[in-house]
Amino acid sequence: MKLEVDRGRLSKEIDELALISDAEGPAVTRIVFTPTDLRARSWLIARCEEAGLAVRQDPIGNIFARWTGSEPSAPAVGTGSHIDAIPNSGKYDGVVGVLGGLEAIRALRRGGFEPRRSIELLVFTSEEPTRFGIGCLGSRLLSGAMSAEAARNLKDKEGVSLEEARQTAGLKGQLEEVRLGKGYYKGFVELHIEQGPLLEQQRIPLGIVTQIAAPATLRMTVEGAGGHAGGVLMPDRKDALCAAAELILAIESLAKASGAKDTVATVGICDVFPGAVNSIPSRVRFTVDLRDISLARRDSILRKIEGSLQSVSAERQVSIQTEQLNADAPGECDRAIVEVLSQSCKKHQLMSIPMVSRAYHDSLFMSHIVPAAMLFIPCRNGYSHRPDEYAAPTDIERGVSALAETLATLAS
Ligand SMILES: [Zn+2]
């Protein structure tokens, strides 16, 4: 089979899709179920139909575009990503995996490949959390990581529920129907820009993801006692900020002491109440983002944080409440697919290295229900989620070649 990727056409399509945006170019803003998002979806569906694929949408708006194989009932091979974009971002995040996946399918067709298993392009709804505050809505529902009930009740800032938004978008059926049946996919591969600088720095065209890190997010509230900054003497204080500071440093130490470079902990928000120069802080709220590729290690640190919390609370006589906002399990990529990806790179004389995905993707949720893996291509300076995000056409072409080769192997 002769595999030729049409780099020019793919670049043109990436540019064309970038014009369907609520931001002025080169920035892209495309938020789920807005008129702009719906226009982008129609544009994409038309491209898939042009390519001869059978298109359907599920009740959350995940788009499935299928090239039916000679054994239509055999589990299919999937590829895809997302086309929604956070405000003022770039045109490659997600899109490379969607339009690149479509071009991989077209290249296989042009090369005369005849798949035994069906090959399906899957475009996930709302990978970005912009509108409903939680990312990967489509893949969470496909994998069962989120219940239909929980999804229905999500609301955007205007108070519009996900249920209303999807119905207004014309999506039929019940969210319960979204969950994928067992054995739907034989395997799933997502092509994506790295969103980090490693491939570019090492001048390596492709990264094969072996593990996808996942965060546990906590919100902690420390309640102490306020008072006048002059009137209350030090022995009598229950300063909520000092307690929070001690806890934040304890969290940093626990992450550093985990013994693995993949453990990272971040406190990115800290609100101090009442927030006056001459007032002892009575209440502090802060968030903790703790990530790892090992669920066991991450959860053991969560337990240790609980221990620090109790000792700080006892010593400083403050109360500390913890709310767990999410705790998705990290993902393991499928070893067999990782091997196929590596062989595909070799076949096209492309260097590749194994990588950890530190951002999370729809493939994280897919990896919990089907054998899945990811393929990264370099992006300039590692920039992503900003208008100057850029991936070179040759790098995209290499990614699409390796992807097409992989899909062919898996579908044979
Ligand atoms: Zn993405």
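In the structure shown, the pairs K186/K346; K155/K186; K2/K186; K238/K261 are assessed against 32 Å; a Cα-Cα span above that value is assigned to K155/K186; K238/K261.
Counting other Cβ atoms within 10 Å, keep those with at most 15, restrict to DSSP loop, and tell me which GluC sites (Glu not before Pro) in the range 1-34 are left. Taking the range 1-34 and a limit of 15 other Cβ atoms within 10 Å, the loop GluC sites (Glu not before Pro) found are E4, E24. Taking amide hydrogens as placed 1.01 Å from N in the peptide plane, the amide H of Y92 sits under 5 Å from that of no residue at least 5 positions away in sequence or on another chain. Working note: Karplus 6.51/-1.76/1.60 with θ = phi - 60° gives the range 32-41 the couplings 3, 6, 7, x, 5, 4, 5, 5, 5, 4 Hz, where Gly and Pro are set to x. About its Cα centre, the range 284-338 has a charge dipole of approximately 180 debye under the convention of +1 per Lys or Arg Cβ and -1 per Asp or Glu Cβ, with nothing else charged.
The range 43-72 and the range 304-377 have Cα centres lying 29 Å from one another. For K182, a cut-off of 29 angstrom between C-alpha atoms picks up these lysines, skipping any fewer than 8 places away in its own chain: K172.
The C-alpha atoms of the chain occupy a region whose extents along the principal axes are 82, 46, 41 Å, arranged from largest to smallest. For the chain, the solvent-accessible area of protein heavy atoms averages 43 Å² per residue (probe radius 1.4 Å; ligands and nucleic acids excluded). Distant-in-sequence amide contacts of G78, defined by a placed amide H-H separation under 5 Å and a gap of 5 or more residues or a different chain, comprise E120, K186, G187, F188, V189. Over the residues of the chain, the helix contribution to mean residue ellipticity at 222 nm works out to -11000 deg cm²/dmol, using -39500 (n - 2.57) for each DSSP H run of at least 4. Projecting label points 7 angstrom from Cα along Cα→Cβ for R152 and D299 puts them 3.0 nm apart.
Applied to the range 313-322, the Karplus parametrisation 6.51 cos²θ - 1.76 cosθ + 1.60 on θ = phi - 60° returns per-residue 3J(HN,Hα) values of 4, 6, 5, 9, 6, 10, 9, 10, 9, 10 Hz, with x for Gly and Pro. Available extension along the chain between R116 and E4 is 38.3 nm, counting 0.36 nm per residue and deducting the alpha carbon span. One chain, two ends: N88 and T68. Fully extended at 0.36 nm per residue, the span grows by 3.5 nm beyond their Cα-Cα distance. When the surface is traced with a 1.4 Å probe over the full set of protein chains, S42 keeps roughly 70 Å² accessible. For the range 308-396, a/c is not less than 1.5, where a ≥ b ≥ c are the root eigenvalues of the C-alpha gyration tensor, and a/b tops b/c. That puts it in the prolate class.
Phi angles across the range 220-228 convert, under the Karplus curve 6.51 cos²θ - 1.76 cosθ + 1.60 with θ = phi - 60°, into 3J(HN,Hα) values of 10, 10, 9, 10, x, 9, x, x, 6 Hz, Gly and Pro given as x.
Does the range 71-203 come out rounded, prolate or oblate by the C-alpha gyration tensor, with a ≥ b ≥ c the root eigenvalues, rounded set by a/c under 1.5 and, if not, prolate when a/b is larger than b/c and oblate if not?
On the way: a/c = 2.20, a/b = 1.26, b/c = 1.75.
Oblate shape, in that a/c is at least 1.5 and b/c is the bigger or equal ratio.
Note on the range 188-222 and the range 122-178: Cα centroid distance 24 Å, given to the nearest whole angstrom. Taking square-rooted eigenvalues a ≥ b ≥ c of the alpha carbon gyration tensor, is the range 145-252 rounded, prolate or oblate, where a/c under 1.5 means rounded and, failing that, a/b exceeding b/c means prolate? Oblate. Projected over every direction and averaged, the convex hull enclosing the alpha-carbon atoms of the range 172-230 yields 11.9 nm².
Summarise the accessible area of the chain (1.4 Å probe, protein heavy atoms) by the percent that is carbon and sulfur. Answer for the chain is 51 percent, counting heavy atoms of protein chains only. Of the listed residues L175, L38, L19, the order by accessible area with a 1.4 Å probe, largest first, is L19, L38, L175. Distant-in-sequence amide contacts of G227, defined by a placed amide H-H separation under 5 Å and a gap of 5 or more residues or a different chain, comprise I280.
The values are calculated or read from the model by the stated rules, or taken from the named source; none is laboratory data. Owing to the predicted nature of the structure, the values given are computational and were not obtained by experimental measurement. Reconstructed Cβ throughout: ideal geometry from the backbone, glycine too, with neighbour counts over all protein chains shown. With ligands, DNA and RNA removed, areas are computed over all heavy atoms of the protein, side chains included. Shrake-Rupley method; radii C 1.70, N 1.55, O 1.52, S 1.80 Å.
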